[in-house]
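**Student:** I'd like to ask some things about the structure below.
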Amino acid sequence: MNQTQDNNTSRHQQVFLLTLIGLLILRIPFEAGMRFFNIEWAWTDIVYQIGTYLLTTFLIWWEVDNLADYHIDTLAVIIIILFQPVQTLVLKYRGLNEYLLTFPSISSLIMWSIAIVFAIAIWLKRSKLPGMKPVGLGWLVIGIATGLLTTIVLSYPMSFQVPASSSLPLTPAFRALINIPSSFVQQIGYAAVSEEPLFRGFLWGFLKKRNWREHWIWLFQAGLFTFSHIYYINDAPISFWIIVPVGALVLGWLVWRSQTIATSMVAHGMMNATAYDFGYLMALLRTR
């Protein structure tokens, strides 16, 4: 009996580890590597997005008995189910029809199919999901505010990546600010859902189970997250050396304190939605 349980546990861990490795391969050598070497075929980002969403939802279902160990609660699951497919509608709303994920493309329909199947599968196991505490909703507000504050603080270094000119027009800045709410929703689906479960969820929990101290995990995930953006090192070095690592440390701190990636997902979405726009506004202030 014990031997059977040990075999089942070993198999379960092996599937988890293989899936985690698959997520890391998709994010670093595949997505980051292709972009670093300027090999950006139309299908590469689609493969990354669909593959990552498929593996992420599978791993959540696979680890449904242990999700709290990976900073995943019911609120995080809801965000993962909704925002990845909804981003395809946001792309349509914003008229970005050149993107292959824009609804109703084949890629977008695949995303919706994964979300629907995952929602049904997780609903059948809903009794095993970690509960959603009222304090978690408060952390969502903290996450959004922290993401906004972080981009305000980082707007000065970011401004040096905006073309410095005293003739920078105001119109693009104000137009971008108007689009922040829709960009916020899209960036949660596009970036946060793809990266937060991996770096601040499964990787963090995996290392903690191997007795890593959390402050070392906090630093390691930030370093690995920064490395996964290696393609910035030449064209946007300020992002690689300052913006991304600081953002990763902030996101890691939010998860560490709140114990849910729901907080870091909304913070991540806010950072991505506002970083360039605030940098642009700061560049206007610097050059006028």
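The values are calculated or read from the model by the stated rules, or taken from the named source; none is laboratory data. Given the structure is predicted, the values throughout are model-derived calculations rather than measurements. Note that we place each Cβ from the backbone using ideal geometry, even for glycine, and neighbour counts take in every protein chain shown.
**Student:** Among the numbered criteria (1) in contact (Cβ under 8 Å) with a residue 12 or more places away in the chain; (2) surrounded by fewer than 17 Cβ atoms within 10 Å (Cβ to Cβ), which one does residue 115 miss?
**Tutor:** (2)
**Student:** For the structure I just gave you, tell me whether residue 120 is of a type in the set (Val, Ile, Thr) and free of Cβ contacts under 8 Å to residues at least 24 places away in the same chain.
**Tutor:** Numbers: of a type in the set (Val, Ile, Thr): yes; free of Cβ contacts under 8 Å to residues at least 24 places away in the same chain: yes.
Taking the combined requirement at face value, the residue satisfies it.
**Student:** Within segment 112-158, can you find the residues that are part of a helix (DSSP H, G or I) and either of a type in the set (D, E, K, R) or in contact with a His (Cβ under 9 Å, 6 or more places away or on another chain) (or both)?
**Tutor:** 126, 128, 143, 147
**Student:** Assess whether residue 245 counts as being farther than 20 Å from residue 72 by Cα, touching a Ser or Thr at 6+ places or on another chain (Cβ under 7 Å) and not β-branched (Val, Ile, Thr). Outline the logic, then answer.
**Tutor:** Numbers: farther than 20 Å from residue 72 by Cα: yes; touching a Ser or Thr at 6+ places or on another chain (Cβ under 7 Å): yes; not β-branched (Val, Ile, Thr): yes.
It is true that residue 245 is farther than 20 Å from residue 72 by Cα, touching a Ser or Thr at 6+ places or on another chain (Cβ under 7 Å) and not β-branched (Val, Ile, Thr).
**Student:** If you don't mind, there's one more thing I want to ask. Would you tally the residues in segment 37-77 being within 14 Å of residue 20 (Cα to Cα) and among the acidic types (Asp, Glu)?
**Tutor:** 1
**Student:** Then there's this: Which count do you get for residues in segment 206-239 that are within 30 Å of residue 160 (Cα to Cα) and out of contact with any Lys or Arg (no Cβ under 6 Å at 6 or more places or on another chain)? Break it down stepwise before answering.
**Tutor:** At the first step, the residues of segment 206-239 found to be within 30 Å of residue 160 (Cα to Cα) are 218-239.
Going one step further and asking which of them are out of contact with any Lys or Arg (no Cβ under 6 Å at 6 or more places or on another chain), we end up with 218-227, 229-230, 232-239.
Going through segment 206-239 one residue at a time, the tally reaches 20.
**Student:** Mind counting the residues in segment 227-250 that are over 19 Å from residue 278 (Cα atoms) and in contact with a Gly (Cβ under 9 Å, 6 or more places away or on another chain)?
**Tutor:** Going through segment 227-250 one residue at a time, the tally reaches 2.
**Student:** Can I ask one more? For segment 205-234, give me the residue count where each residue is in contact with a helix residue (DSSP H, G or I) (Cβ under 6 Å, 6 or more places away or on another chain), part of a helix (DSSP H, G or I) and of a type in the set (A, V, I, L, M).
**Tutor:** Residues in segment 205-234 being in contact with a helix residue (DSSP H, G or I) (Cβ under 6 Å, 6 or more places away or on another chain), part of a helix (DSSP H, G or I) and of a type in the set (A, V, I, L, M): 4 in total.
**Student:** Looking at segment 180-196 only, could you name the residues that are among the small types (Gly, Ala, Ser) and either in contact with a strand residue (DSSP E or B) (Cβ under 8 Å, 6 or more places away or on another chain) or at pLDDT below 95 (or both)?
**Tutor:** So the first thing to find is which residues in segment 180-196 are among the small types (Gly, Ala, Ser), and the list is 182-183, 189, 191-192, 194.
Across segment 180-196, the qualifying residues are 182, 183.
Here is a yes/no grid of residues against (1) over 25 Å from residue 256 (Cβ atoms); (2) not hydrophobic (A, V, I, L, M, F, W, C):
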residue	(1), (2)
49	yes, yes
52	no, yes
76	no, no
92	yes, yes
110	yes, no
117	yes, no
120	yes, no
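**Student:** Further question on the same structure: When the residues of segment 226-241 are narrowed to those that are among the β-branched types (Val, Ile, Thr) and surrounded by fewer than 16 Cβ atoms within 10 Å (Cβ to Cβ), which ends up farthest from residue 35 (Cα to Cα)?
**Tutor:** Applying the first criterion (among the β-branched types (Val, Ile, Thr)) to segment 226-241 yields 226, 230, 233, 238.
If we keep only those that are surrounded by fewer than 16 Cβ atoms within 10 Å (Cβ to Cβ) too, we end up with 230, 233.
On the way: 230: 9, 233: 11 Å.
Among them, the one singled out is 233.
**Student:** While we're on this one: Have a look at 223, 269 and point out the one that is within 21 Å of residue 33 (Cβ to Cβ) and at pLDDT 95 or above.
**Tutor:** Values: 269 fails: within 21 Å of residue 33 (Cβ to Cβ).
None of the other options fit; the residue is 223.
**Student:** If you check residue 9 against the conditions, is it at pLDDT below 95 and either in a helix (DSSP H, G or I) or not hydrophobic (A, V, I, L, M, F, W, C) (or both)?
**Tutor:** Details: at pLDDT below 95: yes; either in a helix (DSSP H, G or I) or not hydrophobic (A, V, I, L, M, F, W, C) (or both): yes.
So residue 9 passes the test.
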